[in-house]
Amino acid sequence: MAAQDKRNADVIVVLGCAVRGDIASPALVRRMDCAIALFHRGVAPRLLLSGGGGRQRAEAAAMRDLALAGGVPAEAILTESASHNTNENAAFTARLMRDHGFSSLVLVSEAYHLPRARLLFRAAGLAIASMAHPPRRSLTREWPLWLREGVALAVSLMRLLRAGLRRS
């Protein structure tokens, strides 16, 4: 995990990942293990779990179950289950944070996902105190995901541009 233990934030934001049926994917479990450890170290007093995913069961619901099983009190958990992509994670999380008066966050996702997520969360006006990720897997398992992120970055930038044009 790469996060500053002494840096306090209002909330730890965990980005969703695949849920198969009712079962959280191994990647989602790793993200939650990272976030739960940060919570127990006192990095932030709350978890905000972001992810709908458009599946039968929202990613945020699966993450909530993992957080509760990891000893995070229910009152310390917020969920955002309407998002279907990282652009929406950022926009919907920003709205939820403003509604609760939160101003800073620790962003948790995979190492390959964090650069794009950071860009989108900053574009949504959020202050990122630090970022964290679970231990990296082998390069042979991750390189296709890094490549996919390049394409996803282009798509995300197009969505930002289109949203900006609609506001004009």
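Odds and ends about this structure:
- For the stretch 11-167: relative contact order, % (alpha-carbon pairs under 8 angstrom, 6 or more apart): 23
- In the chain, helices alone account for a calculated mean residue ellipticity at 222 nm of -16000 deg cm²/dmol, with every DSSP H run of four or more residues adding -39,500 (n - 2.57).
- Database remark: amide H of THR79 closer than 5 angstrom to the amide H of LEU49 (H placed geometrically; neighbours at sequence offset of 5 or more, or on other chains; Pro and chain starts carry no H).
- Derived scalar couplings ³J(HN,Hα) [the stretch 70-76; Karplus, 6.51 cos²θ - 1.76 cosθ + 1.60; whole Hz; x for Gly, Pro]: x, x, 7, x, 4, 6, 9
- Prolate/oblate/rounded call for the stretch 46-168, Cα gyration tensor, a/c under 1.5 rounded: oblate
- Couplings for the stretch 95-102, taken from phi via the Karplus curve 6.51 cos²θ - 1.76 cosθ + 1.60 with θ = phi - 60°, read 4, 5, 5, 4, 4, 9, x, 8 Hz in order; Gly and Pro are left as x.
- For SER104, the residues whose modelled amide H falls within less than 5 Å of its own, excluding neighbours fewer than 5 places apart on the same chain, are ASP10, VAL11.
- In this Cβ point-charge picture (+1 for Lys and Arg, -1 for Asp and Glu), the chain has a dipole of about 480 debye about its Cα centre.
- Among beta bridges identified by DSSP and lying wholly in the stretch 11-167, the antiparallel ones come to about 10 percent.
- Efficiency of FRET between HIS40 and ARG159 - r from beta-carbon atoms, R0 25 angstrom, step 0.05: 0.10
Read-outs: derived from the displayed coordinates by stated rules, not from any lab. None of these values were measured; they are calculated from a predicted model. As a convention, Cβ positions derive from the backbone with ideal geometry for all residues, glycine included, and neighbour counts pool all protein chains shown.
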